[in-house]
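Enquirer: Pasting a structure below so you can have a look.
The values are calculated or read from the model by the stated rules, or taken from the named source; none is laboratory data. Quick caveat: nothing in here was measured; it's all calculated off a predicted structure. Virtual Cβ from ideal backbone geometry, glycine too; neighbours counted across all protein chains shown.
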Amino acid sequence: MTNQEANDLILDIKNLKVRYETQDGIVRAVNGIDLTLRKKRTLGLVGETGAGKTTTALAIMRLVPDPPGIVECDKLEISGQDILSLPENKLEHVRGNDISMIFQDPMTALNPVFTVGDQIAESLEIHEHLSSKDAKERAGDMLELVGIPRERANEYPHQFSGGMKQRVVIAIALACNPQLLLADEPTTALDVTIQAQVLELMNELKEKYDTSMIMITHDLGCVAEVCDEVAVMYAGRIVEEGTLEDVFNRTLHPYTEGLFNSLPNIKDRKAKLKPIKGLMPDPTNLPVGCSFAPRCNYVSDACLKAQPQLRSISQTHRVACTAYDNPEFHIERRIL
Amino acid sequence: MEINQTNRNQQRATKLYKKRSALEDVWRQLRRNKGAIIGLILIVVIILVAILSPILLDYDKDVIGQHIKQRLKPPSADHWFGTDELGRDIFSRVIYGARYSLAVGVVAVFVALAIGITLGAAAGYIGGKFENVVMRICDIFSSIPSVLMAIAVVSALGKSTFNLMLAVGIASTAPFIRVARAAVLVVHDEEYVEAARAIGMPDWKIIWVHILPNCLSQIIVQATLRVGSAIIAAAQLSFLGLGVPAPAPEWGSMLSAGRQYIRDYSYMTLFPGLAIMLTVLSLNMLGDGIRDALDPKLKR
Amino acid sequence: MYRYILKRLLMLIPVLLGVAFLIFAIMDVAAGDPVYSVAGADATPEQIEALREKMGLNGSLIERYIRYIGNLLKGDLGTSYISKLDVMKVYLQRLPNTLKLATLTMIVAVGMAIPLGITAAVHQNSIRDTTSMVLALIGLSMPNFWLGLLLILFFSLKLGWFPTGGSEGFRSIVLPAITVGTSLAALLTRTTRSSMLDVLRQDYLRTARAKGVSERNVIQKHALRNALIPIITIFGVQFSNVLGGSVLAETVFAWPGVGRLVVDAIDQRDIPTVTGALVMTTMLVTIVNLLVDLVYAFVDPRIKAQYTK
């Protein structure tokens with residue numbers, strides 16, 4: 001890594017582990033992942049529900065609820081600043097200011113008893129120490145930025161539709177120009193037409209403010225739309241990562257292949273969908289070997305014995321799959 | 001037709017099965033809850049005491065028999081809780097008093113249940129004007145403070161144990177009306193209710209067979225907690241001289257008598273009050289436990 | 001909003017008429033025929049008829065009820081059988097004492113319950129939580145009049161800090177207020193805790209934290225305002241119970257309020273006083289409930305929106 005690249009590094013995570021200690025056992029949500037992200041880049045974090053994507057984002061925000069959540073990490077830096085050792089009162093300066101998060105469900109993410117204007121203005125008052133009048137003014141600007149007339153600042157969340165609420169949530173997240181934006185399935189709860197609008201809006205805003213972004217989603221279309229890089233998560237681990245090109249066109253991991261195969265193909269509507277059979281392993285009782293082995297079409301004895309480590313296939317592309325011990329191995333993925 | 005019948009039987013079978021396993025589930029949850037188990041044990045002991053007290057004690061001699069020579073003796077080995085102004089053993093009276101308090105509490109709640117569920121379920125099911133009228137009556141009842149309401153009813157009917165039960169029961173009807181109505185409204189539009197209506201089941205039967213069992217859990221919780229407050233309400237009325245007539249050893253009237261002697265014989269006000277508190281406390285602990293066991297929000 | 005208030009006020013009328021009728025009918029049964037006892041054993045039938053008319057007891061129940069309501073609208077609740085005083089006047093004389101007691105009770109209960117409930121919820125399952133919940137459970141299970149007796153025993157007779165009864169100065173209101181307030185405080189603590197626990201799970205608190213709002217503000221600003229909504233509902237219902245509870249406290253502490261008035265009047269079978277006091281008290285409760293509903297609207301914009309529609 002060159003010096004220039006190191007300076008550009010917005011996010012640097014080494015060996016992040018999160019577990020929830022509940023009555024019914026220890027849920028291992030994230031099991032040792034490394035992530036890096038450079039300035040102005042967008043990383044897509046892809047995987048099924050329960051793969052640990054949201055927990056990863058919450059861990060970056062240091063918002064994993066404790067108890068029951070326990071976060072362990074070798075390194076967690078945002079723009080070179082160590083987040084891991086910060087006391088709670090310092091963290092408050094980082095949250096909403098350096099890192100922001102857009103939450104999954106806009107219907108529940110807004111406080112029902114405050115006006116949307118107040119909710120946007122709040123972070124400006126906290127981080128930019130604006131007077132409440134100036135903050136209100138800026139909140140109005142933010143609303144216009146996300147395409148809502150500023151007069152609506154005095155309305156309450158229940159007066160907004162789902163798509164509008166999500167715009168408000170985005171406005172809150174962007175109010176203080178964060179360096180890093182964590183977008184947790186920002187479009188899942190929305191209608192398809194609204195989804196496109198919101199994605200486009202996020203793309204525009206990202207360009208405008210030079211924000212880096214992690215886009216958490218299970219929607220591959222959404223990834224293709226906005227991401228530069230992709231990391232595929234399965235059972236709390238990253239199984240494949242690379243540039244958008246790498247992962248989409250030179251797919252390596254059987255799980256990633258399965259994700260693509262589950263998509264309907266418009267060109268061949270007679271072709272049967274090939275969903276990945278089975279379910280994600282129980283996170284309280286993960287297998288010793290590869291977590292995906294029980295569902296994998298290419299499984300061999302070696303897969304069941306040890307956890308596969310990420311290996312570099314090219315400069316940008318890495319995969320965690322034991323099958324690549326055999327240089328002849330390749331998956332059968334059909335190219336879209 | 002025959003197929004239809006088998007289908008219904010199957011449905012009924014699965015429903016029964018589900019109900020049983022749900023009950024087991026509740027019991028499993030309940031067993032984990034220390035407070036609920038303590039409450040359950042306590043209340044069982046109190047009920048046993050109430051049932052056995054006529055066998056253990058001679059009512060005429062031990063409970064209401066006056067022994068003037070023994071009057072106002074502080075607690076001792078002979079009289080664990082001391083004796084009252086007429087020389088009666090307070091321990092025996094407290095033991096026997098459990099019968100009154102429990103009986104009044106339980107009967108009052110049954111009165112409230114019977115009236116409340118009938119009106120509430122009918123209101124929720126029938127709707128329209130009838131519902132409106134019932135709910136307004138409910139408003140009327142709940143805007144009269146329940147103690148005052150019970151006082152008024154007792155003074156209209158005259159002082160007796162049965163009238164006390166009735167008065168406390170009537171005064172605590174409103175919450176049951178609300179619970180039953182709300183529960184009925186929730187399940188009213190469920191598909192299985194509509195299906196029952198579609199096959200021509202009469203309304204009362206739909207309410208009885210399909211709707212009430214589904215709000216049973218809420219009603220059980222309410223009833224358990226309400227027995228406690230009914231016991232307190234009955235004691236309050238007896239304390240005011242409007243409850244169980246003397247010389248019966250009702251805890252509230254024992255406290256009322258003890259009050260005259262509070263300056264010099266404070267033990268007289270201690271034990272009957274403790275008995276009330278313990279009984280209500282055990283009911284509340286049990287009721288809370290059942291509620292938590294039934295509350296799916298806490299099951300995570 | 002004004003239209004809503006007006007509508008609610010109009011809706012009060014049938015409820016109040018219903019309450020008055022219910023009480024009137026119950027007390028009618030309770031009274032039997034008081035004319036004979038008032039007139040004395042050797043009164044002639046003519047004298048009895050004249051007295052009946054003078055006492056306003058002629059005619060059917062409905063006729064008398066209508067007459068009663070007519071008089072009530074003029075502020076006339078009749079005269080006491082016993083003291084021959086104007087019932088309205090006596091009631092208004094006693095009311096301030098009861099209101100004083102009720103107000104102090106509610107202030108103390110809320111002041112104790114809300115902080116306790118919040119702490120319990122925020123530190124769920126901690127020792128503080130368990131302790132406050134056990135205390136609340138005990139408070140809820142104690143008959144208030146017994147608590148009153150214990151307070152007298154300890155604070156008046158043993159320590160001599162407060163008088164055993166009467167209404168002389170501030171010290172005499174302290175024990176009655178604790179007596180009535182304990183169960184209310186217990187109930188409110190439990191409600192606050194469970195309402196707070198509900199709110200603490202909500203996503204919007206995570207949004208607030210993600211914004212960088214300090215934990216203190218997350219609780220005191222974002223969570224509390226939402227948690228207050230069910231607490232306010234309870235509060236409205238409980239005002240009626242506080243008035244009920246004060247009946248007992250007033251008896252235990254010889255506090256000259258409405259509660260004692262009713263209990264004494266029942267003892268003396270003084271029907272006009274009982275009826276009048278019950279009707280007035282119920283009206284008070286109903287009006288307070290309306291006020292609570294309006295406060296509700298200010299805390300929860302969703303409800304306000306329903307009203308304005």
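Enquirer: Take the residues of the range C:151-167 that are assigned to a loop (DSSP other than H, G, I, E, B) and closer than 15 Å to C:Ala249 by Cβ: which is farthest from the other protein chains (Cβ to nearest Cβ)?
Expert: Applying the filter and picking the extreme gives C:Ser167.
Enquirer: Taking only pairs six or more apart or across chains, which ones have beta-carbon atoms under 6 Å, a first residue in the range C:259-272 that is touching a residue at least 12 places away in the same chain (Cβ under 8 Å), and a second residue that is in a loop (DSSP other than H, G, I, E, B) and buried (at least 23 other Cβ atoms within 10 Å of the Cβ)?
Expert: Once the first residue is touching a residue at least 12 places away in the same chain (Cβ under 8 Å) and sits in the range C:259-272, its partners that are in a loop (DSSP other than H, G, I, E, B) and buried (at least 23 other Cβ atoms within 10 Å of the Cβ) give C:Val263/B:Leu240.
Enquirer: With the structure loaded, tell me whether A:Val226 is at pLDDT 90 or above, β-branched (Val, Ile, Thr), crowded, with 17+ Cβ neighbours inside 10 Å and under 26 Å from A:Asp184 (Cα atoms) or whether it fails that test. Outline the logic, then answer.
Expert: On the way: at pLDDT 90 or above: no; β-branched (Val, Ile, Thr): yes; crowded, with 17+ Cβ neighbours inside 10 Å: yes; under 26 Å from A:Asp184 (Cα atoms): yes.
It is false that A:Val226 is at pLDDT 90 or above, β-branched (Val, Ile, Thr), crowded, with 17+ Cβ neighbours inside 10 Å and under 26 Å from A:Asp184 (Cα atoms).
Enquirer: Would you say B:Gln260 is buried (at least 19 other Cβ atoms within 10 Å of the Cβ), farther than 25 Å from B:Ala121 by Cβ and among the polar types (S, T, N, Q)?
Expert: Working: buried (at least 19 other Cβ atoms within 10 Å of the Cβ): no; farther than 25 Å from B:Ala121 by Cβ: yes; among the polar types (S, T, N, Q): yes.
Here the answer is no, as B:Gln260 does not meet what is asked.
Enquirer: With A:Asn111, A:Asn31, A:Asn89 as the choices, which residue is on the phi < 0 side of the Ramachandran plot and either basic (Lys, Arg) or touching a His at 6+ places or on another chain (Cβ under 8 Å) (or both)? Break it down into steps so the answer makes sense when it comes.
Expert: Working: A:Asn31 fails: either basic (Lys, Arg) or touching a His at 6+ places or on another chain (Cβ under 8 Å) (or both); A:Asn89 fails: either basic (Lys, Arg) or touching a His at 6+ places or on another chain (Cβ under 8 Å) (or both).
Result of the check over A:Asn111, A:Asn31, A:Asn89: A:Asn111.
Enquirer: The conditions are (1) free of Cβ contacts under 8 Å to residues at least 60 places away in the same chain; (2) closer than 22 Å to B:Ala234 by Cβ, and B:Ile137 fails exactly one of them. Which is it?
Expert: (2)
Enquirer: Please verify whether C:Gln306 is within 11 Å of chain B (Cβ to nearest Cβ) and modelled with pLDDT under 90, treating the condition exactly as stated.
Expert: So C:Gln306 fails the test.
Enquirer: From the list C:Val38, C:Val15, C:Val90, pick out the single residue that is among the hydrophobic types (A, V, I, L, M, F, W, C), buried (at least 17 other Cβ atoms within 10 Å of the Cβ) and at pLDDT below 85.
Expert: Working: C:Val38 fails: buried (at least 17 other Cβ atoms within 10 Å of the Cβ); C:Val90 fails: at pLDDT below 85.
Of the residues listed, the single one that is among the hydrophobic types (A, V, I, L, M, F, W, C), buried (at least 17 other Cβ atoms within 10 Å of the Cβ) and at pLDDT below 85 is C:Val15.
Enquirer: Given the criterion among the β-branched types (Val, Ile, Thr) and either surrounded by fewer than 16 Cβ atoms within 10 Å (Cβ to Cβ) or on the phi > 0 side of the Ramachandran plot (or both), identify the matching residue among A:Ile99, A:Ile70.
Expert: None of the others qualify; the one that does is A:Ile70.
Enquirer: Next up: Can you name the condition, by its number, that B:Pro272 falls short on among (1) at the interface with chain C (Cβ under 7 Å from one of its Cβ atoms); (2) in contact with a Gly (Cβ under 9 Å, 6 or more places away or on another chain)?
Expert: Every listed condition holds for B:Pro272 apart from (1).
Enquirer: Quick check on my filter: what residues within the range A:43-77 are under 18 Å from A:Met233 (Cα atoms), within 14 Å of chain C (Cβ to nearest Cβ) and outside any helix (DSSP H, G or I)?
Expert: Result: no residue meets the conditions.
Enquirer: Return the pair list, or none, for Cβ contacts closer than 9 Å from residues in the range C:10-25 that are more than 7 Å from chain B (Cβ to nearest Cβ) to residues that are surrounded by fewer than 19 Cβ atoms within 10 Å (Cβ to Cβ) and aromatic (Phe, Trp, Tyr), at least 6 apart or on different chains.
Expert: These pairs meet every condition: C:Ala20/C:Tyr65; C:Phe21/C:Tyr65; C:Phe24/C:Tyr65; C:Ala25/C:Tyr65.
Enquirer: Those residues that are away from chain C (no Cβ under 11 Å) and among the charged types (D, E, K, R), I need them from the range A:78-101; list them, please.
Expert: If the condition is that a residue be away from chain C (no Cβ under 11 Å) and among the charged types (D, E, K, R), then A:Asp82 is the only one that fits.
Enquirer: Kindly establish whether C:Val180 is among the aliphatic types (A, V, I, L, M), within 27 Å of C:Lys221 (Cα to Cα), in a helix (DSSP H, G or I) and out of contact with any strand residue (DSSP E or B) (no Cβ under 7 Å at 6 or more places or on another chain).
Expert: No; evaluated as a whole, the condition is false for this residue.
Enquirer: Against the condition at pLDDT below 80, closer than 25 Å to B:Val109 by Cα and touching a helix residue (DSSP H, G or I) at 6+ places or on another chain (Cβ under 8 Å), how does B:Leu294 come out, does it pass?
Expert: Values: at pLDDT below 80: yes; closer than 25 Å to B:Val109 by Cα: yes; touching a helix residue (DSSP H, G or I) at 6+ places or on another chain (Cβ under 8 Å): yes.
Judged against the criteria, B:Leu294 is a match.
One line per residue, one yes/no per condition, for (1) of a type in the set (S, T, N, Q); (2) crowded, with 18+ Cβ neighbours inside 10 Å; (3) modelled with pLDDT of 90 or more:
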site	(1), (2), (3)
A:Gln104	yes, yes, no
A:Val116	no, yes, yes
A:Gly163	no, yes, no
A:Val169	no, yes, yes
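Enquirer: Quick check on the range C:274-293. Is at least one of its residues within 17 Å of the chain's Cα centre (by Cα) and among the charged types (D, E, K, R)?
Expert: Yes.
Enquirer: I'd like to check which strands (runs of 3 or more DSSP E) are fully inside the range A:191-246 and have at least 1 residues that are in contact (Cβ under 8 Å) with a residue 60 or more places away in the chain and over 20 Å from A:Leu181 (Cβ atoms).
Expert: A:229-234, A:237-243
Enquirer: Check whether at least one residue in the range C:224-236 is at the interface with another protein chain (Cβ under 9 Å from one of its Cβ atoms) and in contact with a Leu (Cβ under 7 Å, 6 or more places away or on another chain), and report yes or no.
Expert: No.
Enquirer: Just to be sure before I move on: is B:Ser266 free of Cβ contacts under 8 Å to residues at least 40 places away in the same chain, under 25 Å from B:Ser160 (Cα atoms) and buried (at least 16 other Cβ atoms within 10 Å of the Cβ) in the structure I sent?
Expert: Against the criterion (free of Cβ contacts under 8 Å to residues at least 40 places away in the same chain, under 25 Å from B:Ser160 (Cα atoms) and buried (at least 16 other Cβ atoms within 10 Å of the Cβ)), B:Ser266 does not qualify.
Enquirer: Given (1) facing another protein chain (nearest Cβ under 9 Å); (2) at pLDDT below 75, where does C:Val29 come up short, assuming only one miss?
Expert: Against the list (1) facing another protein chain (nearest Cβ under 9 Å); (2) at pLDDT below 75, C:Val29 comes up short only on (2).
Enquirer: Residues of the range B:214-269 being over 29 Å from B:Ile117 (Cβ atoms), at the interface with chain C (Cβ under 9 Å from one of its Cβ atoms) and not in a helix (DSSP H, G or I), which ones?
Expert: Hits for the range B:214-269 are B:Leu240, B:Gly241, B:Ile262, B:Arg263, B:Ser266.
Enquirer: Being within 11 Å of chain B (Cβ to nearest Cβ) and closer than 17 Å to C:Ser240 by Cα is the requirement here; does C:Asn97 meet it?
Expert: Details: within 11 Å of chain B (Cβ to nearest Cβ): no; closer than 17 Å to C:Ser240 by Cα: yes.
The answer is no for C:Asn97.
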